[in-house]
Structures are given as structure tokens and as C-alpha cells.
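Contents: one structure, followed by commentary.
The values are calculated or read from the model by the stated rules, or taken from the named source; none is laboratory data. Bear in mind the structure is a predicted one, so any value in this text is a computation, not a measurement. Here the Cβ positions follow ideal geometry from the backbone for every residue, glycine too, while neighbour counts run over all protein chains shown. For accessibility, only protein heavy atoms count, side chains too; no ligands or nucleic acids. Shrake-Rupley method; radii C 1.70, N 1.55, O 1.52, S 1.80 Å.
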Amino acid sequence: MTSVFCGIDWATDHHDIALLDEAGTLLDKLRIDDTPEGLGQLLQLLAQHGDSPDNPIPVAIETSHGLLVACLRATGRPIYVINPLTAARYRDRYALSRKKSDHLDAKVLAHILRTDPAEHRPLPADSHLAQAITVLARAHQDAVWDRVQTGNRLRSHLREYFPGFLTVFRHFREGLASPVTRTLLAAAPTPTQAAQLTRPQLRAILKKAGRQREITGEVERLHTLLREPQMHQPPMIEQAMGIKALALLRQFNAACASADDLEAATTAAFTTHQDAEIITSFPGLGALTGARLLAELGDDHTRFTSPRALKAYAGSAPITRSSGRKTTVLARHIKNQRLASAGYIWAFAALTASPGARAHYDRRRAAEDRHVAAQRNLFNRLLGCLHHCLTHRIPYDEQTAFPNTA
């Protein structure tokens with residue numbers, strides 16, 4: 001067991017290092033640049049105080065990202081990521097005047113490891129493939145959110161001068177993101193231009209968008225919709241709004257392309273992982289949602305010592321506040337938001353893919369749970385099953401998961 005503890009207060013261009021012994025005495029301190037030379041200085045400092053492959057000095061830092069963390073992980077040492085709010089509350093134990101400095105923050109992080117190591121967990125030992133899936137899955141989720149945001153801006157703009165266009169894509173599953181809708185808007189961004197489109201032009205637009213079936217019927221539908229009477233802005237203003245719509249459409253096209261590319265890359269990486277078969281054996285989990293789950297859970301199956309710990313991390317387990325005679329059970333708001341978002345999709349899809357999941361949801365609704373609470377409870381149940389299957393390396397079984405389903 002090591003007797004030296006390292007705290008790193010990181011910044012954009014430099015990092016402050018503090019080393020403490022078991023008694024809390026400051027052994028050494030250092031400020032390094034965010035460069036390879038700075039990393040070499042840090043490793044040399046650790047080696048001078050007994051760091052070795054068999055007995056590495058643990059490190060506490062407030063971030064889990066960046067090249068510094070990646071390089072320290074490559075050395076095989078335990079790295080503890082301390083929440084900045086936790087570190088701020090620990091700081092009051094060592095500075096009642098509430099003073100603050102980078103060196104003090106580094107000392108506080110080292111003190112946290114020295115006094116309360118059991119209350120904090122090191123970064124999981126995920127494989128490089130799992131870390132790559134995490135990067136891709138999170139980037140895809142961000143791209144989807146950007147696509148929705150940009151699409152909402154475009155939809156709001158169209159409502160101001162071209163509301164008739166909103167009826168064009170109403171029956172499309174992709175909505176405004178449909179290739180037909182985007183190609184049509186690029187060809188005719190104003191109601192005046194749209195009303196002038198001929199049937200041959202509409203047929204060419206549909207083919208350009210990749211439409212292969214029922215083209216004639218779709219041409220007639222679009223030809224009728226785009227010629228329906230509607231209110232117009234003055235011609236000069238309408239033209240300006242059409243130019244703005246094209247600018248928004250270019251942003252929207254880029255967001256759609258990014259989401260599609262990242263979806264393909266995420267799915268391809270996920271299918272090569274050893275846990276993919278177990279994860280996708282669960283009802284309601286496809287390659288994309290499964291990749292999001294794996295991205296947040298990782299493939300270090302010792303990370304969560306029990307299903308209860310996993311459920312608390314995902315926010316599906318409630319939190320109890322008890323004081324005196326008063327006890328309150330509340331939904332957990334401090335959680336992994338990305339995992340909770342993927343869990344909401346998973347639980348919703350499982351309602352139609354699993355009779356047991358549907359029966360469990362119906363029982364919660366019959367017990368007067370609201371929809372969100374019943375769905376969160378189902379996600380909580382499925383998470384426990386997922387933890388068991390990943391730990392024991394077995395696929396999902398409906399009868400084992402929901403044995404009381406009629």
C-alpha cells in the first residue's frame with residue numbers, strides 16, 4: 001500500500017502538483033506545462049518519491065478527459081476523478097478563511113485520497129475499444145441533439161413565412177430530416193417558387209432525393225399541396241426569408257450528415273465488442289442504443305460491485321431522505337444523464353418487445369405510478385438483469401427476468 005498521495009489541479013496550459021505523505025505533510029510541489037516535457041517532470045517527481053510499477057502512487061484529479069489523464073492511465077496507476085463540488089467542500093476543512101489557489105487545490109485533492117480513499121473510486125480499467133465506443137456514442141448523441149436543435153430553428157423559421165411547407169413532411173417518419181423534404185426545400189425555399197414547380201421538376205427532385213417507389217402518387221400529392229392558397233409575406237421579405245432558410249438548411253444538412261456518419265461508425269465499433277451479443281439479446285436494445293449503454297457502463301465489470309450501485313449511477317433507483325419521523329422517497333437527479341436518456345429509450349422499446357416488461361409496466365401503472373415513474377422502474381429492473389448477464393457472461397432470458405408473467 002502506497003504511503004504517498006498525489007493531487008493534480010489541472011488547467012488549460014499548466015498543472016499544479018502536490019505530494020503528501022500519510023501524515024498529511026507536504027513532500028513536494030511542482031507546476032508543469034501541458035506538454036510532453038511537463039509530463040516527464042511529473043513522472044520523474046513521482047519516481048523520486050517511490051513510484052514503481054508494483055506500487056504506483058495514486059493520483060486525484062478533477063477531470064477524466066484530456067491527454068494528461070490518458071498518459072497517466074497508460075502508466076497503470078489508479079486515477080481518482082474527484083467531483084469539483086466535492087473538492088470545494090473539502091477545501092473548507094483546510095482553509096477556514098475560504099482562500100483559494102491552484103497549489104491549495106492540488107493539496108486538497110491529495111488530502112482526499114489520504115483521508116477518504118474508500119469513498120471514491122478509481123477510473124475503470126476499460127479496454128481501448130470500449131473507450132473508442134464511448135467517444136463515438138457520445139459524439140453521435142451530441143450530433144442528434146444538434147440535429148434536433150437546428151431542425152427546430154428551421155421549422156420555426158418556415159412557420160413565419162411558409163407554413164404550407166410544414167404539411168409536406170408531416171407523414172414522413174424522419175420529418176424535416178427526410179431527404180425528400182430537404183431536397184425540395186433547397187429547390188424551392190419560398191412559397192412562390194414552390195407553387196411554380198411542375199410535375200417533371202417534382203419527379204426529378206424525388207429521384208434526386210433517392211425516392212424509388214410510388215413516385216407518381218407522391219408527385220401529385222406535392223403538386224397539390226404546394227399550390228394550396230396561403231398567406232404570403234411581401235415579395236422582398238419573402239425572398240430574404242428564403243435566403244435565410246437556405247442558410248439554415250445548409251446547417252441542418254451538415255448536422256444530418258454528421259449524425260448519419262457517427263451512427264455508422266458507432267454501430268461498426270460496437271458490433272466488434274465482446275459484450276455486444278449479450279447487450280443486444282435484451283428486448284428493446286439494438287446496436288445503437290446498446291452502444292450508448294456500453295459507452296456509459298464500460299467493459300470493466302468490476303466497476304459496479306452490485307446492481308444497486310449501477311442503478312444509483314443510472315438514476316433509476318430512488319433516493320431516500322430520512323430525518324426523525326419524516327421519510328421521503330424521491331427520484332434521483334444526480335446521475336449519468338446520458339445513461340438515463342438511453343435507458344428511457346430502452347424501457348420504452350421494451351414495452352412492445354417483451355411481454356414481461358409490458359406486464360411489469362402495467363403493474364406499476366395499476367399501482368398509480370405515473371408513466372415516467374413506471375418507465376423508470378422498468379429501466380431499474382432491466383438494469384439489474386443487465387448487470388447479472390454481463391457479470392456471468394450469459395444472454396438475456398425472458399422467463400428468468402420476468403418469471404411471474406402469465
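Of all residues in segment 58-74, exactly one satisfies the criterion of being over 18 Å from Asp105 (Cα atoms) and in contact with a helix residue (DSSP H, G or I) (Cβ under 7 Å, 6 or more places away or on another chain), namely Cys71.
Residue check: Ser258 meets all listed conditions (1) open to solvent by less than 40 Å² (accessible area, probe 1.4 Å); (2) farther than 20 Å from Gln131 by Cβ; (3) of a type in the set (S, T, N, Q); (4) within 21 Å of the chain's Cα centre (by Cα) but one, namely (1). Of the listed requirements (1) open to solvent by less than 60 Å² (accessible area, probe 1.4 Å); (2) out of contact with any helix residue (DSSP H, G or I) (no Cβ under 6 Å at 6 or more places or on another chain); (3) part of a helix (DSSP H, G or I), Cys389 misses just one: (2).
Within segment 206-219, residues that are farther than 13 Å from Arg182 by Cα reach partners that are assigned to a loop (DSSP other than H, G, I, E, B) with beta carbons closer than 8 Å, at six or more positions or on different chains, in the pairs Glu218/Arg211. Within segment 71-114, track down each residue that is open to solvent by 40 Å² or more (accessible area, probe 1.4 Å), over 28 Å from the mean Cα position of the chain (by Cα) and touching a residue at least 24 places away in the same chain (Cβ under 8 Å). Selection gives Asp102, His103, Lys107, Arg114. For segment 365-386, name all the residues that are open to solvent by 50 Å² or more (accessible area, probe 1.4 Å) and either in a helix (DSSP H, G or I) or within 28 Å of Gln141 (Cα to Cα) (or both). Listed by number, the residues that qualify are Arg365, Ala366, Arg370, His371, Val372, Arg376, Arg381. Give me the residue from segment 159-189 that is among the aromatic types (Phe, Trp, Tyr) and open to solvent by less than 10 Å² (accessible area, probe 1.4 Å) and, out of that set, nearest to Ala257 (Cα to Cα). So, considering only residues that are among the aromatic types (Phe, Trp, Tyr) and open to solvent by less than 10 Å² (accessible area, probe 1.4 Å), the one nearest to Ala257 (Cα to Cα) is Phe165.
Selection of first residues in segment 174-203 that are outside any helix (DSSP H, G or I) and of second residues that are among the small types (Gly, Ala, Ser), restricted to Cβ pairs under 7 Å at least 6 apart or on distinct chains, gives the following pairs, ordered by first then second residue: Ala188/Ala194; Pro189/Gly242; Pro189/Ala245; Thr190/Gly242; Leu197/Ala188.
Of all the listed residues (Ile278, Ile319, Ile334), the sole one being touching a Cys at 6+ places or on another chain (Cβ under 6 Å), among the β-branched types (Val, Ile, Thr) and either farther than 18 Å from Gln141 by Cα or at pLDDT below 90 (or both) is Ile278. Taking Asp362, is it open to solvent by 30 Å² or more (accessible area, probe 1.4 Å) and in a loop (DSSP other than H, G, I, E, B)? For Asp362, the condition - open to solvent by 30 Å² or more (accessible area, probe 1.4 Å) and in a loop (DSSP other than H, G, I, E, B) - is not met.
Looking across segment 276-331, the residues that are closer than 17 Å to Tyr396 by Cβ, in a loop (DSSP other than H, G, I, E, B) and of a type outside the set (S, T, N, Q) come down to Phe282, Pro283, Gly284, Leu285, Gly286, His301.
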